[in-house]
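The values are calculated or read from the model by the stated rules, or taken from the named source; none is laboratory data. Please read these numbers as outputs of a predicted model, since none were measured by experiment. We place every Cβ from the backbone using ideal geometry, glycine too, and count neighbours over all the protein chains shown.
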Amino acid sequence: MSDNPQTSLLLSLLAVFAPLSLVTIGGGQSAIADINRQVVDVHQWMSQAQFVDAFAISRMAPGPGSLLVTLIGWQVAGFWGAVVATMAIFGPTTFLIYAVAHIWSRKGGERWKRALEAGLRPVAAGMILAAGYVLLQAMDGGWFARAIAFASTATLLLTKVNPLLLIGAGVTVFIGLHALGLV
């Protein structure tokens, strides 16, 4: 790469996130497992705990969830790292989607189009499940935090409760049990 360490980091961010941009079938959350692998295991830019913290912040911030890479870029190489990581995750997909949308709109209900859509649904679901698995494995808080995550997921799937109420309830229960010394 380059002799300049900053340039080398920026090129590394580009090399990691540009290809991941093209495999985000089902949205940015589908690439979380591979982003985790690259950032924590391969390049060791962050610890597992830092990654989970950055993920949580990216989910709470307004905007697309793929802004996780912006936080990673910031951690790795400051302002320009954030810019490069963001452009790398959004740029290639933007151009690809523009081209695909142009072709897609011209082709009505053709058989190959319906087959492709049907085939990509389980791929997207599997990638999203893999992301959830990686995040559960990395979660601090032990069995109790995982139980809260599962109970919250089930509640969200089965009811129309506001997610903010679940967050508040989870925090309250966790603080109460921590104060009692149970977790």
Report task. Could you grab me the full set of residues in segment 143-163 that are over 18 Å from Ala131 (Cα atoms) and of a type in the set (Val, Ile, Thr)? Result -> Thr155, Thr159, Val161
Query raised in the report: With respect to Pro163, is the statement that it is within 20 Å of the chain's Cα centre (by Cα), surrounded by fewer than 13 Cβ atoms within 10 Å (Cβ to Cβ), at pLDDT 80 or above and over 20 Å from Val52 (Cβ atoms) true?
Result: no
Requested in this report: All but one of (1) loosely packed, with under 15 Cβ neighbours inside 10 Å; (2) in contact (Cβ under 8 Å) with a residue 40 or more places away in the chain hold for Ala85, so report the exception by its number.
Outcome: (1)
Report summary line: Subset of segment 88-115, residues touching a residue at least 40 places away in the same chain (Cβ under 8 Å) and exposed (fewer than 13 other Cβ atoms within 10 Å of the Cβ), comes to Leu96
Report task. Quick one: count up the residues across segment 81-137 that are over 19 Å from Phe55 (Cβ atoms) and either polar (S, T, N, Q) or over 21 Å from the mean Cα position of the chain (by Cα) (or both). Result -> 24
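For (1) at pLDDT below 80; (2) touching a Phe, Trp or Tyr at 6+ places or on another chain (Cβ under 6 Å); (3) assigned by TED's automatic domain parsing to the domain that holds Leu14; (4) farther than 30 Å from Leu9 by Cα, each residue gets a yes or a no:
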{"residue": "Trp80", "(1), (2), (3), (4)": "no, no, yes, no"}
{"residue": "Ala118", "(1), (2), (3), (4)": "no, no, yes, yes"}
{"residue": "Leu136", "(1), (2), (3), (4)": "yes, no, yes, no"}
{"residue": "Leu156", "(1), (2), (3), (4)": "no, no, no, yes"}
